[in-house]
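In what follows, a structure is listed as structure tokens, so that the remarks can point back to it.
What follows draws every value from the coordinates through simple rules; no lab data is involved. Remember, it's a predicted structure, so these values are computed and weren't measured experimentally. Note that each Cβ is placed from the backbone with ideal geometry, even for glycine, and that neighbours are counted across all protein chains shown.
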Amino acid sequence: MRVLAIDHVQLAIPPGGEAAARAFYIGVLGFTEIPKPEAMRARGGMWLAHGPVAIHLGIEPDMRPSVKMHPALVVSELEEWRVRLVAAGCEWKPADDVPGTNRAHTKDPFGNRIELIEAPK
């Protein structure tokens, strides 16, 4: 018996945050919106995927950003991600505290922390 994978990570967004979420997660990060099951649509929020990676955004009325908890996305060409995110007005915070790992942090429009880790070449 073993854990095989993470199916998705869920982050909170405030009520009415879907448009800003789409602009960031789809427009900047390149995710695709996946239709939620009919029974869950009335709750708001959205499901997103980028290849095998899934992020669910759920509505939370008194939403506070996740500043410690975060998804860590393995990406190629970290420098290109920096250029893209900075051009979109997003925060970019390099992190050099893990030897041999090229990584940085950004935030979504709601202040949720997102880590980007460059895949080994």
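Using just the Cα positions, wrap segment 63-121 in a convex hull and report its mean projected area in square nanometres, one decimal place.
So the Cα hull casts an average projection of 4.1 nm².
Per 5 Å bin, what is the whole-percent P(r) computed from every C-alpha pair distance within segment 1-43?
The distribution over segment 1-43 is 5, 15, 19, 29, 15, 8, 6, 2, 0, given as percents.
I need the trypsin sites (Lys or Arg not before Pro) found in segment 34-111, filtered to DSSP loop residues with at most 16 other beta carbons within 10 Å of theirs.
Filter output for segment 34-111: Arg43, Lys68.
Remind me, relative contact order of segment 1-118 in percent, using alpha carbon pairs under 8 angstrom and six or more residues apart?
26 percent
With a cap of 16 neighbouring Cβ atoms within 10 Å, and only residues DSSP puts in a loop, list the GluC sites (Glu not before Pro) found in segment 14-121.
Glu77, Glu91
I want to check the label-to-label distance for Ala72 and Arg43. Put each point 7 Å from Cα in the C-beta direction and report it in nm to one decimal.
In this crude spin-label approximation the distance works out to 2.7 nm.
To the nearest 20 debye, what is the magnitude of the charge dipole of the chain about its Cα centre, counting +1 on the Cβ of each Lys and Arg and -1 on the Cβ of each Asp and Glu?
Taking the Cα centre of the chain as origin, the dipole is about 160 debye.
Top mean-square fluctuation among Val74, Val98, Val83, Gaussian network model of the chain, C-alpha springs under 10 Å?
The residue that fluctuates most here is Val98.
So how tilted is helix 78-87 from the main axis of the chain? Cα-based, degrees 0 to 90, rounded to 10.
Approximately 60 degrees, to the nearest 10.
Take the alpha carbon atoms of the chain, find their radius of gyration, then divide it by 2.2 N^0.38 Å using N residues; give the quotient.
In units of the globular-protein estimate, the chain measures up at 1.09.
Just want the answer: with Cβ charges of +1 for Lys and Arg and -1 for Asp and Glu, which residue in Trp92, Pro37, Gly27 is farthest toward the dipole's positive end in segment 9-118?
Checking the options against the dipole of segment 9-118, the answer is Pro37.
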